[in-house]
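Written out below as structure tokens is the structure these notes cover.
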Amino acid sequence: MIVKRNELTWFERLYLPALIGGLKVTTRHFLNTLTTKTPVTQQYPEEPTRVLPGYRGAPYLVRDQDGATKCVSCQLCEFVCPPKAIRITPPGPTGQPADRTNAEKMPEEFEINMLRCIFCGLCQEVCPEEAIFLKSDFSLTGLARSEMIYDKEKLLALGGTHPGIQKWKHKLDEAKEQETFPVKA
Amino acid sequence: MAWLDSLSPQTQFVFFTLLKIACVLGPLLTLVAYAVLAERKVSALIQDRVGPNRVNLPLIGSIPVIGPFLTKLGFWHPLVDGVKSFIKEDFTPAHVRKIYFWLAPAIALVPAFLVVAVIPFGSTLGAQKMVIADLNVGILYTFGIVSLGVYGIVLAGYAANSKFPFLGGIRASAQMISYEIAMGMSVIPVFLVVGDLNLGKIIEHQAQNGWNAFPVFGGGFSAQSLLLIPCGVISFVIFFISALAETNRLPFDMAESESELVSGYHTEYSSMKFGMFFIGEYANMFAGAAMMTTLFLGGWTLPFLGLDVPPADGEWFKGLLHIGIFMGKMLAFMFIFMWIRWMLPRFRYDQLMDLGWRRMIPLALANIILTAAVLALTNR
Ligand code: SF4
Ligand code: SF4
């Protein structure tokens with residue numbers, strides 16, 4: 001596209017219209033802010049911020065509707081995480097079994113280093129069990145680096161339960177029904 | 001005050017001069033600190049924000065109403081800013097030219113304060129004239145000192161030994177040198193009208209014949225005063241624009257231009273060295289505002305209520321009022337400076353030089369001739 005540049009008139013070249021226009025805009029804003037006292041500034045620590053849906057905050061592990069760990073320690077998230085912020089210790093052959101049905105294992109330890117995490121959301125996207133979600137927390141602070149490595153317990157506590165997404169809820173019933181073949185009409 | 005009278009005149013002079021220097025420098029530094037706060041507040045209001053409103057002092061903050069109000073006003077921010085710039089790490093990058101790097105902030109700071117020496121900031125208090133140095137060539141001294149200011153910036157740009165400060169320094173030198181010409185020429189009509197270079201005399205003349213920027217009050221209407229109005233207005237406008245350019249304020253802040261040159265000539269500076277550039281810049285603004293007040297707006301005079309003559313013996317209150325008037329005018333100019341910053345976008349570099357050399361200098365020259373013609377024709 002070619003933008004047409006008009007020659008400035010002599011009046012415009014005096015910079016006066018620009019001056020007057022600028023004065024108008026600034027005066028309007030100045031008086032508005034001064035009198036109506038509705039500045040756009042959000043007084044952050046006092047006023048809670050609004051986090052919009054879809055915001056990618058800190059990644060936390062979630063529990064299912066029965067309060068069981070959803071994560072099955074598949075380590076896909078660990079693998080995909082670009083800055084390698086996730087470290088999973090799988091239970092191994094002798095470890096604790098999963099605390100829910102339809103799962104073989106759950107991680108023995110699950111750590112996310114929040115200092116490394118870039119809040120990209122790839123872990124959430126890759127997780128086949130819908131066990132990890134980026135929540136709305138954005139202000140993570142700690143007095144030491146070690147404090148910023150969140151372990152499994154902390155992540156599960158912060159993540160809470162996610163009853164909304166119940167990928168496995170009906171699978172068990174379906175499986176049972178399969179066993180009593182032929183299927184009821 | 002018997003001990004004062006017992007001193008020799010020379011000692012008295014030294015004593016009073018030192019006293020005046022202290023009385024000017026202290027408030028000036030405070031004003032500079034609060035000008036920074038005002039700048040932040042004004043810009044906040046213009047941009048629909050609230051501006052600094054956090055710092056709370058333990059004791060004063062707990063006074064009802066006043067404490068929270070001062071906090072909201074950001075009243076303590078300058079204090080905290082000052083402390084902060086002192087305790088920050090003073091980092092010297094490895095690639096700088098050390099001697100100049102250390103010298104530049106001081107060279108930027110000193111001229112701004114030296115200019116204030118000749119400005120009559122009030123009439124008289126007791127027997128003392130309210131000016132530190134009552135020079136006969138006040139204005140020449142001012143221009144001499146002001147042109148030193150550019151060295152600080154150029155040196156800073158050279159010393160930093162990296163691209164952005166260097167560009168900033170080059171721009172600053174070209175800009176300040178060219179606008180100084182326009183500035184110098186814009187005051188010549190004032191001297192043609194007044195016939196003296198002493199700033200005190202210039203104020204006296206304005207008290208009798210009306211302000212130079214608008215010579216109608218005081219002297220009343222006459223053919224001469226009417227004809228001098230355009231001359232005064234043109235001089236004033238040119239001086240004002242040049243003052244903006246000289247103090248590196250927007251729309252002429254080519255030397256800093258954050259969006260192009262990081263922060264221009266002081267990119268490599270931190271801590272109090274940066275603070276000194278900052279103070280220097282604001283002190284320069286005050287000096288410019290004071291010069292405009294003195295040269296064009298009648299200094300400490302007001303054309304009514306008998307405020308245009310120095311107080312008689314014992315009228316202490318009037319003397320103080322004169323200082324107040326001067327401060328008022330100066331602060332009004334500061335406010336306009338700050339406002340303009342948010343009103344106009346930055347000039348492009350070639351436009352800036354174009355405006356300086358091809359508009360302002362010819363206009364200033366024409367104005368000198370015009371003023372001279374008016375004065376010759378109206379038979380002074
Ligand atoms: S959000 Fe991205 S960086 Fe953070 S843990 Fe998940 S995959 Fe890793
Ligand atoms: S959070 Fe999801 S992707 Fe990561 S190990 Fe657990 S189940 Fe696998």
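The values are calculated or read from the model by the stated rules, or taken from the named source; none is laboratory data. Just so we're clear, the structure is a prediction, and the values are computed from it rather than from any experiment. Don't worry about glycine lacking a Cβ; one is built from the backbone with ideal geometry, like all the others, and counts go over all protein chains shown. The protein model used for the area step is the full one, side chains on, heavy atoms only, and it has no ligands, DNA or RNA in it. Shrake-Rupley method; radii C 1.70, N 1.55, O 1.52, S 1.80 Å.
Just to be sure I understand, how many residues within the stretch B:254-272 are buried (at least 24 other Cβ atoms within 10 Å of the Cβ) and at pLDDT below 80?
The number of residues fulfilling the criteria is 4.
Every residue in the stretch B:220-248 that is crowded, with 17+ Cβ neighbours inside 10 Å and modelled with pLDDT under 80, please.
Selection gives B:Gln224, B:Ser225, B:Leu227, B:Leu228.
Is it the case that A:Gly160 is at positive phi, modelled with pLDDT of 80 or more and open to solvent by less than 70 Å² (accessible area, probe 1.4 Å)?
It is true that A:Gly160 is at positive phi, modelled with pLDDT of 80 or more and open to solvent by less than 70 Å² (accessible area, probe 1.4 Å).
Could you list all residues from the stretch B:42-64 that are more than 30 Å from A:Val25 (Cβ to Cβ) and within 14 Å of chain A (Cβ to nearest Cβ)? Before the answer, list the steps.
Step one: of the stretch B:42-64, the residues more than 30 Å from A:Val25 (Cβ to Cβ) are B:55-64.
Selection gives B:Asn56 alone.
Identify all residues within the stretch A:99-123 that are more than 9 Å from ligand 2 (Cβ to nearest atom), closer than 18 Å to A:Asp151 by Cβ and open to solvent by less than 60 Å² (accessible area, probe 1.4 Å); write none if there are none.
A:Glu109, A:Glu111, A:Ile112, A:Asn113, A:Met114, A:Cys117
Read through the list (1) within 14 Å of chain B (Cβ to nearest Cβ); (2) open to solvent by 60 Å² or more (accessible area, probe 1.4 Å); (3) assigned to a loop (DSSP other than H, G, I, E, B), then give the number of the only condition that A:Leu31 fails.
(3)
Could you tell me whether B:Arg40 is over 30 Å from B:Ile119 (Cβ atoms) and not polar (S, T, N, Q)?
So B:Arg40 fails the test.
Scan the stretch A:125-145 and give yes if some residue there is closer than 24 Å to A:Lys84 by Cα, modelled with pLDDT of 90 or more, surrounded by 14 or more Cβ atoms within 10 Å (Cβ to Cβ) and more than 15 Å from the chain's Cα centre (by Cα), otherwise no.
No, the stretch A:125-145 has no match at all.
Collect the residues in the stretch B:342-379 that are more than 14 Å from every other protein chain (Cβ to nearest Cβ), among the polar types (S, T, N, Q) and either surrounded by fewer than 12 Cβ atoms within 10 Å (Cβ to Cβ) or part of a helix (DSSP H, G or I) (or both), keeping them in residue-number order. Don't jump to the end; show me each part of the working.
Initially, the stretch B:342-379 is screened for residues more than 14 Å from every other protein chain (Cβ to nearest Cβ), giving B:349-350, B:353, B:357, B:361-362, B:364-379.
So of that shortlist, the ones also among the polar types (S, T, N, Q) come out as B:367, B:371, B:378-379.
Matches in the stretch B:342-379: B:Asn367, B:Thr371, B:Asn379.
Just checking, does the stretch A:36-45 include any residue being on the phi > 0 side of the Ramachandran plot, within 14 Å of chain B (Cβ to nearest Cβ) and of a type outside the set (Val, Ile, Thr)? Walk me through it before giving the result.
Our first condition is that a residue be on the phi > 0 side of the Ramachandran plot; within the stretch A:36-45, this holds for A:37.
Still in the running and within 14 Å of chain B (Cβ to nearest Cβ): A:37.
Retained after the next criterion (residues that are of a type outside the set (Val, Ile, Thr)): A:37.
Within the stretch A:36-45, one or more residues are on the phi > 0 side of the Ramachandran plot, within 14 Å of chain B (Cβ to nearest Cβ) and of a type outside the set (Val, Ile, Thr).
Could you identify the single residue in B:Leu25, B:Leu29, B:Leu73 that is open to solvent by 60 Å² or more (accessible area, probe 1.4 Å) and free of Cβ contacts under 8 Å to residues at least 40 places away in the same chain? Full working, then the answer.
On the way: B:Leu25 fails: free of Cβ contacts under 8 Å to residues at least 40 places away in the same chain; B:Leu29 fails: free of Cβ contacts under 8 Å to residues at least 40 places away in the same chain.
Result: B:Leu73 is the single residue among B:Leu25, B:Leu29, B:Leu73 that is open to solvent by 60 Å² or more (accessible area, probe 1.4 Å) and free of Cβ contacts under 8 Å to residues at least 40 places away in the same chain.
Out of the residues in the stretch A:42-81 that are open to solvent by 80 Å² or more (accessible area, probe 1.4 Å) and within 16 Å of ligand 1 (Cβ to nearest atom), which is farthest from A:Phe110 (Cα to Cα)?
In this case the residue turns out to be A:Tyr55.
Of the numbered conditions (1) over 12 Å from the mean Cα position of the chain (by Cα); (2) assigned to a loop (DSSP other than H, G, I, E, B); (3) touching a residue at least 60 places away in the same chain (Cβ under 8 Å), B:Ile238 satisfies every one except a single condition; which is it?
(2)
Can you name every one of the helices (runs of 4 or more DSSP H) wholly within the stretch B:65-126 that holds 3 or more residues which are modelled with pLDDT of 85 or more? Even if it seems obvious, please write down each step before you answer.
Details: elements: B:66-73, B:77-87, B:98-116.
In the stretch B:65-126, the matching helices (runs of 4 or more DSSP H) lie at B:77-87, B:98-116.
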